[in-house]
Amino acid sequence: MKALGIDIGGSALKGAPVDTATGQLLAERLRIATPEALSPLAMGRAIEELRVHFKWRGPIGVGFPGVIQGPRILTSANLHPKFIGLDATKVFSAATGCRVALINDAAAAAQAEMKFGAGRGFMGKALLLTLGTGVGSAIAYQGTVMPMELGHLPWKGKSIEKHVAASVREEKNLSWEEWGRRLCDYVATLENIIWPELIIVGGGVSAKHAKFFRYVKPRARMVPARFLNQAGIVGAALATE
Ligand code: BGC
């Protein structure tokens, strides 16, 4: 009932051992900054560093920011291109000597929130968005989580995440209002397609929801993820079950 949950992000990987029966972190999480895009082998070494830090011997769940099918990574929009097509469970198990389960990072966050967090017990249609380096998304309907790639809706010839991700606010020095308005338009588009009853917002910026929620005017109830930026760690651990 314990697993090491690891959330691979655009600028860091974060991990902690998790009690998968309660969603509690069993130790303070460790963050390893990755200012340069790590190759799969270097990422394996960073995961091994996390494992050694926690003296972990047991299952490891890894959330990755890309499309996952079975043990394979199919896309890597914001990380090293060498991940594309890779059986990452093999590479990460070889690096750590542990059994590794792989899940999309936003789907992981959604699993954690639906099981233990802001969506606990909610059986309607929920949309979860993670706002970070990219935009992660998942839908949960009657408690079942489905990974989505709504950050890659086309926008002026590119992916809309290049317009609305939290990283764009920082890079372009947008005010909370300017960025909030972009988010408002994006969420309105998503609502017209998905009609969620609940929107859960995760990712690093969710801790600052008070600064931008007022500019997004959704039809649905919108709440920050209960685990804030740690939902991905908890959900990655759940993927080992
Ligand atoms: C990826 C998604 C991921 C999201 C958030 C996107 O660029 O394609 O798979 O969930 O970033 O990390």
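Accessible surface area normalised per residue over the chain is 46 Å², counting heavy atoms of protein chains with a 1.4 Å rolling probe. By the Stokes-Einstein formula, at 1.567 mPa s and 4 °C, the chain with its Kirkwood radius over alpha-carbon pairs has D equal to 73 µm²/s.
The residue list PHE212, ASN173, ALA237 was ranked by how far each Cα lies along the charge dipole of the chain toward its positive end, using unit charges on Cβ atoms, and PHE212 comes out on top. How would region 88-175 be classified by its alpha-carbon gyration tensor: rounded, prolate or oblate, with rounded meaning a/c under 1.5 and the a/b versus b/c comparison settling the rest? Oblate.
Taken over region 13-114, the alpha-carbon convex hull comes to 100 cubic angstrom per residue. Here the peptides 114-124, 213-223 are ranked by packing, the mean other Cβ count within 10 Å, and the order with the highest first is 114-124, 213-223.
Here the relative contact order of the chain, from alpha carbon pairs under 8 Å that lie six or more residues apart, stands at 23 percent.
Highest average first, the peptides 77-83, 128-134 ordered by how many other beta carbon atoms sit within 10 Å of their residues are 128-134, 77-83.
Take the alpha carbon atoms of region 8-41, find their center, do the same for region 80-102, and report the distance between the two centers in whole angstrom. With region 8-41 and region 80-102 each reduced to a Cα centre, they are spaced 15 Å. Among the GluC sites (Glu not before Pro) in region 26-105, those placed in a DSSP loop whose Cβ has at most 10 other Cβ atoms within 10 Å are GLU28, GLU36. Dividing the helix sum by the residues of the chain, where each DSSP H run of 4 or more adds -39500 (n - 2.57), gives a mean residue ellipticity at 222 nm of -9000 deg cm²/dmol. Rg and Dmax, both from the Cα atoms of region 120-228 and both in Å, are 13.0, 39. Spin-label model, VAL67/LYS82: points 7 Å from Cα along the beta carbon direction are separated by 2.3 nm.
Of all lysines in the structure, those lying under 19 Å Cα to Cα from LYS125, and not within fewer than 8 positions of it along the same chain, are LYS115, LYS217. I need the shape label for region 1-63. Rule: rounded when a/c is under 1.5, else prolate if a/b > b/c, else oblate, with a, b, c from the alpha carbon gyration tensor. Cα axes put region 1-63 in the prolate bin.
Sorting 56-66, 12-22 by their mean Cβ neighbour count within 10 Å, with the most densely packed peptide first, gives 56-66, 12-22.
The values are calculated or read from the model by the stated rules, or taken from the named source; none is laboratory data. Predicted model only: the values in this text are computed from it and were never measured. Ideal geometry is used to build each Cβ from the backbone, glycine not excepted, and the neighbour counts take in all protein chains shown. Ligands, DNA and RNA are stripped out before the accessible areas are found, and what is left, the full protein with its side chains, is counted by its heavy atoms. Shrake-Rupley method; radii C 1.70, N 1.55, O 1.52, S 1.80 Å.
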